[in-house]
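The values are calculated or read from the model by the stated rules, or taken from the named source; none is laboratory data. Remember, it's a predicted structure, so these values are computed and weren't measured experimentally. Cβ placement follows ideal geometry from the backbone for every residue including glycine, while neighbour counts extend to all protein chains displayed.
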Amino acid sequence: MVIVIIMRGRTFKHSKKRDVILALLRSTKEHPTAGWVYSRLKESIPGISLGTVYRNITVLRRQGLVMPVTVVNGEEHFDALAEPHPHIVCLRCGAVSDISPENAAALESCVASSGIGALGIDFKRTLFYGRCPRCAPESPVTPEPQTAPAGG
Ligand SMILES: [Zn+2]
Ligand SMILES: [Zn+2]
């Protein structure tokens, strides 16, 4: 069986549900939940269930292709960018976003100069909580085109 999914103008051709799920996770920076993945795929893949999505994400996690980021409102958010990087969770809308590369680099150098590395850390996960650019009134708001429907 070959499944073709057209998402935002891009076409993915895959023979396995897991490949489709991975492609979908890689296509977004929204750090989706399994429910988000399921809602995107249920019409294109007959017979897919939320359980199928969970099982495939679990396999992708074991393969190191998908990382859990955090749990917001009881739902786990995932990232297909397996390289560890810091995130910010919006306390208002629940959005999970990547910290900008400049801020992430500044953070890395902070950690490197702190002596924490001497503790023998194998893995780290950095999470900040606050407000995303859309919810922070004091940050300059970039107008978004009204034509595109919101991703979630
Ligand atoms: Zn927000
Ligand atoms: Zn991320």
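Checking each residue in the stretch 40-87 for being within 16 Å of ligand 1 (Cβ to nearest atom) and under 15 Å from the mean Cα position of the chain (by Cα) picks out V69, T70, V72, E75, H77, H87.
The combined condition, being modelled with pLDDT of 95 or more and surrounded by fewer than 19 Cβ atoms within 10 Å (Cβ to Cβ), is fulfilled by L50.
Pairs, please: C-beta under 8 Å, at least 6 apart or cross-chain, first residue in a helix (DSSP H, G or I) and in the stretch 91-119, second within 16 Å of ligand 2 (Cβ to nearest atom) and at pLDDT 85 or above? From the stretch 91-119, the pairs are N103/P86; A104/H85; A104/P86; A104/D98; L107/P86; L107/I99; L107/T126. Of all the criteria given as (1) assigned by TED's automatic domain parsing to the domain that holds C135; (2) modelled with pLDDT under 90; (3) within 25 Å of C132 (Cβ to Cβ), the one not satisfied by A95 is (2).
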